[in-house]
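Working notes for the structure below.
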Amino acid sequence: MKHRLPPLHPLRDPLTPDWNGEGEPGLSPRGCGIVWIALLLLTGVTVQAARLDVSNGLVHVFIAMTVATLKAGLVVLWYMHIRYEGGALRLMVFMAFLFLGISISFTFFDTAYR
Amino acid sequence: MASEYRIREAERAADRNGPSGNNAFSRQPAPDQAAWVAAHPVDAAGAKIGMWLFLFTELLLFGGLFLLFSIYFARYAEEFRHAGRSLDRTLGTVNTVVLITSSYFVALAVTFLQRGRPARARVLLLCTTGLALIFLGIKFHEWAVKFGHGLFPGGTAYLDLPPGEMTFFNLYYLMTGLHAVHVIIGLVVLLVVYRRTGRGLITPRRPVMAENAGLYWHLVDLIWIYLFPLFYLAL
């Protein structure tokens, strides 16, 4: 059984000797580092925000879930490469998270204000 | 083994010469591995969509538990807050940083693999498994302290808890326990990727298994991103 990998453009082919990774699409090592720092900063934000004295406890829930969703967005878009994927996969993932978010948040607000 | 030795030599050469050196890409699989590679064609797009479909079922699994959490949190907000304060916030924060950093290493490993640096990717994968072990160690310590106080399902102190707080700890053990199981599975998967990359079965041209293992690991991180504020920050 013969299998042939699809041909790559020589400059995009990591196996050609003069390939040096320049202009390679996708997540760069630098991009990984920037997202990592952003995730650490957001972790600091959410820990500090939990110490704030607020009259209504729901403010804490709102801040924590907003920050968590920002962090989740960074992970999904960059680390999980959704930014660099085609439209079909992007749509699939977006819809999956959208419906999950709707079911959980609507249930919470329904039971919280009943 | 001679072939393993040759691969290690080639990896050292790869890291010495950098991506522009000839040796970086001269590492071909051994003949039997080449046959294996030829006999196992990869449909990268299909594999990736399949992985995401599996991740959606994982989201359903955890999503159901998050749904339970939201319902009981709305009902027992004060008890949840009180019980949440008894968790060690510092250890929770440290574990968050550990897991985020491990995700960073995996993302970096996949990037380096895609860019033709499998040796560097392997080092990063090992660092990730190290961080995963640290995470599990801290988790074990937290559970052990709680168990020492009789705070486990069926324990003496546990049965005296008010209903809302008991629900909190039920969900805590269930969700962090299920998450820890996922960390253990991810750890094993990453070690398999480490080994297969070393044997030349995962290469810069066939990185999809490493990419999918990375997706799994990031999902584990993603779930913890929500678990941490819900349980440790006493919202």
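Which one of these is surrounded by fewer than 20 Cβ atoms within 10 Å (Cβ to Cβ) and within 22 Å of the chain's Cα centre (by Cα): B:130, B:154?
On the way: B:154 fails: within 22 Å of the chain's Cα centre (by Cα).
Only one candidate passes the filter, namely B:130.
Report whether or not residue B:184 is within 10 Å of chain A (Cβ to nearest Cβ) and in a helix (DSSP H, G or I).
On the way: within 10 Å of chain A (Cβ to nearest Cβ): no; in a helix (DSSP H, G or I): yes.
Taking the combined requirement at face value, the residue does not satisfy it.
Taking region B:196-218 as the region of interest, how many residues are facing another protein chain (nearest Cβ under 8 Å) and within 22 Å of residue A:76 (Cβ to Cβ)? Before you say what the answer is, go through the steps one by one.
Looking only at region B:196-218, we keep the residues that are facing another protein chain (nearest Cβ under 8 Å), and these are B:204-206, B:211, B:214-215, B:218.
From what's left, within 22 Å of residue A:76 (Cβ to Cβ): B:211, B:214-215, B:218.
Residues meeting the conditions: 4.
Please find, within region B:100-121, the residue that is nearest to the other protein chains (Cβ to nearest Cβ) out of those that are farther than 14 Å from residue B:214 by Cβ and under 18 Å from the mean Cα position of the chain (by Cα).
Per the criteria, the residue is B:100.
What are the residues in region B:113-123 that are crowded, with 24+ Cβ neighbours inside 10 Å and part of a helix (DSSP H, G or I), if any?
Once the filter is applied, which keeps residues that are crowded, with 24+ Cβ neighbours inside 10 Å and part of a helix (DSSP H, G or I), region B:113-123 yields B:113, B:118, B:121.
I'd like the full set of residues that are of a type in the set (D, E, K, R) and closer than 30 Å to residue B:169 by Cα, limited to region B:85-129. Steps first, please.
Keep residues of region B:85-129 that are of a type in the set (D, E, K, R), which gives B:85, B:88-89, B:115, B:117, B:120, B:122.
Those that are of a type in the set (D, E, K, R) and closer than 30 Å to residue B:169 by Cα: B:85, B:88, B:89.
Here, each number is a calculation from the coordinates, and none is a lab measurement. Just so you know, these numbers come straight off a predicted model, no measurement behind them. Because the Cβ atoms are built from the backbone with ideal geometry, glycine has one as well, and the counts that use them run over all protein chains shown.
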